[in-house]
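Below: one structure, written as C-alpha cells.
The values are calculated or read from the model by the stated rules, or taken from the named source; none is laboratory data. Only a predicted model underlies this, so the values are computations on that prediction, with no experimental measurement involved. When we count neighbours, we look across all protein chains shown, and the Cβ atoms used for this are built from the backbone with ideal geometry, even at glycine.
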Amino acid sequence: MVGFRKESQSAQPESLTESSLRSFVNDQYDCGVFNRCNLIASGDNDTYLLTSDDNKVIARAYQSKPWLNQTSEIHFELELLQYLKQQGLPVSYPLTDKDNKTLNMLSSPIGEFPLAIFSFAPGIVFSPMNPTQSYVFGRTIADVHTSSNAFNPQTQRFSLDMDFLLLNPIKSLKKHWENNRAKDQQFLDQLAENITQTINNNLSHDLTSEDHWGIIGGDFHQSNAHFDQEDKITCFDFDLCGYGWRMYDLATFLWDAWHTQGSPEMQKSFFQGYQSKKELSAQETEVILSLVLARQIWYMGTVDMYINKVHSDFYNQEYWDKLINQLKLWETIDQDYINSLVI
C-alpha cells in the first residue's frame, strides 16, 4: 500500500507544482527537455501536458480510489498498455525512465504520488463521433479484447463485477442520500436485481470464456480516444481497465453516445466495426442494455470520489432527478432497438 493522495486533495500548488513535476521528468526521463508543464485535467487523476520544442508527453499523478489502492494494480495497467503497443494497437503507452521503470513515486508535502509518463495521443476528441470514427473505435476495441486474451500479467487487478458496477455504487448513493429519495433507492435496488438476473441468465455460466469475460478497457467512451485529420485513432486512459464482461466496453460506448446525442447511424457503425473483428452472440447482445444501465448506476455512485472537488450545489436534486429519469427512460428501450444496432 502506498501513500496515495486522498480524493479530497486535488493537485494544488502546495502539493504538486507544475515546475517540480517538469524538473522531475527532465531529470528522470530521456525524452527531451520540457520547458512547459500544464495541468489539463483533474478528476480521477491529475493529468499534465509537458511540452518541449519538438515533443509532447502526458504525466499522470494517480489519486486514491475505492477500488485502486496498491501500486501493483497500477503496474497492471502499465503492463497491459505496453503489451498492446507491442501488438501494434493504437494506444497511448507508458514511457520508461532512465532506470527502465514505468512508475515512479514523486514526493510532496502531503505524501507520495504514483506518477507515470505516457506517449502523447495525436489528434482531438470528437463527441459525438461520426460513423467512420465510431467504426474505427469499435474495431479497435475488438482488437483490444482479442489481443488481451494472450496477455499474461505479472500483477493483480480488480474485476468490474456486480459489486463494482452495482452494489458498491448503490451503497455510496444511499450513504449520500441518507433518508432522502426513498423511492429512488427502491428503484435502484430493483433495477440492480433485474440487471443481475439478465447477466446471470446470459453470460455467467462460464466466466472464464474469452468471448464473454476477460480484460476490458473499462472506460471506452468518446472522450478517451483521439482522431487525427486522417481519422487514425489513438486510445488512452486505461485507468479503469481490469477483468470484466466484454460487453461492458460496448455498453460504455453506447451510454456515452446516448448522453452526447450520437446518431443511430453512428451507433450502428460502432457495432459494425466491432463485429468486423469479433462477432457478437445473441447472449451478448441481450445484456448490452442492462450493462448500459449498470454503467449509469456506477457513474452515479462515484459521488463519494468527487463531492469534495465540485461546487457544493453540483449534486443537487435536479442533478439526481436527471440521472434517475434517464435510467427510467433507458430501462423502457425495447431489445429490438439494440438488435437493430447490432445487426
_Residues satisfying the stated conditions in the stretch 243-282, i.e. over 12 Å from Ile343 (Cα atoms) and in contact with an Asp or Glu (Cβ under 9 Å, 6 or more places away or on another chain)_ = Tyr243, Gly244, Trp245, Arg246, Met247, Asp249, Leu250, Thr252, Gly262, Lys277, Lys278
*Looking at the stretch 79-116, which of the residues that are among the polar types (S, T, N, Q) and assigned to a helix (DSSP H, G or I) is farthest from Tyr48 (Cα to Cα)?*
Gln86
*For the stretch 69-81, indicate whether the set of residues that are surrounded by fewer than 16 Cβ atoms within 10 Å (Cβ to Cβ), of a type outside the set (D, E, K, R), over 24 Å from the mean Cα position of the chain (by Cα) and at pLDDT below 90 is non-empty.*
no
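So that you can scan it fast, the table gives a plain yes or no per residue for (1) in contact with a Lys or Arg (Cβ under 8 Å, 6 or more places away or on another chain); (2) free of Cβ contacts under 8 Å to residues at least 60 places away in the same chain:
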| residue | (1), (2) |
| --- | --- |
| Tyr83 | no, no |
| Gln86 | no, yes |
| Pro90 | yes, no |
| Met105 | no, no |
| Gly111 | yes, no |
| Phe151 | no, no |
| Phe164 | no, no |
| Ser172 | no, no |
*Within the stretch 23-50, how many residues are among the acidic types (Asp, Glu) and either surrounded by fewer than 19 Cβ atoms within 10 Å (Cβ to Cβ) or at pLDDT 95 or above (or both)?*
2
*Give the residues of the stretch 124-146 that are crowded, with 17+ Cβ neighbours inside 10 Å and either closer than 14 Å to Ile215 by Cβ or of a type in the set (Gly, Ala, Ser) (or both), sorted by residue number.*
Ser134, Gly138, Ile141, Ala142, Asp143, Val144, His145
_Six or more apart or on different chains, Cβ atoms under 6 Å: show the pairs whose first residue is in the stretch 314-342 and closer than 22 Å to Leu254 by Cβ and at pLDDT 95 or above and whose second is part of a loop (DSSP other than H, G, I, E, B) and of a type in the set (A, V, I, L, M, F, W, C)._
Val342/Leu280
_Given (1) assigned by TED's automatic domain parsing to the domain that holds Asp256; (2) more than 30 Å from Asn308 (Cα to Cα), identify the lone condition not met by Asp161._
(2)
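Within the stretch 172-190, does at least one residue satisfy the condition of being assigned by TED's automatic domain parsing to the domain that holds His145, in a helix (DSSP H, G or I) and either closer than 25 Å to Glu77 by Cα or among the hydroxyl-bearing types (Ser, Thr, Tyr) (or both)?
Taking the stretch 172-190 as the starting set, the residues that turn out to be assigned by TED's automatic domain parsing to the domain that holds His145 are 172-190.
Within this subset, residues satisfying the condition of being in a helix (DSSP H, G or I) are 172-177, 182-190.
After this cut, where a residue has to be either closer than 25 Å to Glu77 by Cα or among the hydroxyl-bearing types (Ser, Thr, Tyr) (or both) as well, the list is 172.
Checked against the condition, which is being assigned by TED's automatic domain parsing to the domain that holds His145, in a helix (DSSP H, G or I) and either closer than 25 Å to Glu77 by Cα or among the hydroxyl-bearing types (Ser, Thr, Tyr) (or both), the stretch 172-190 yields at least one hit.
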_Any residue that is among the β-branched types (Val, Ile, Thr) and modelled with pLDDT under 95 - is there at least one of those in the stretch 91-113?_
yes
*Which numbered condition Ser312 fails, given (1) over 21 Å from the mean Cα position of the chain (by Cα); (2) not in a loop (DSSP other than H, G, I, E, B)*: (2)
*Lys183 vs. criteria of a type in the set (D, E, K, R) and under 30 Å from Arg60 (Cβ atoms)*: no
*How many residues does the stretch 260-301 hold that are of a type in the set (Ser, Thr, Tyr), more than 17 Å from the chain's Cα centre (by Cα) and under 30 Å from Asp189 (Cβ atoms)?*
3
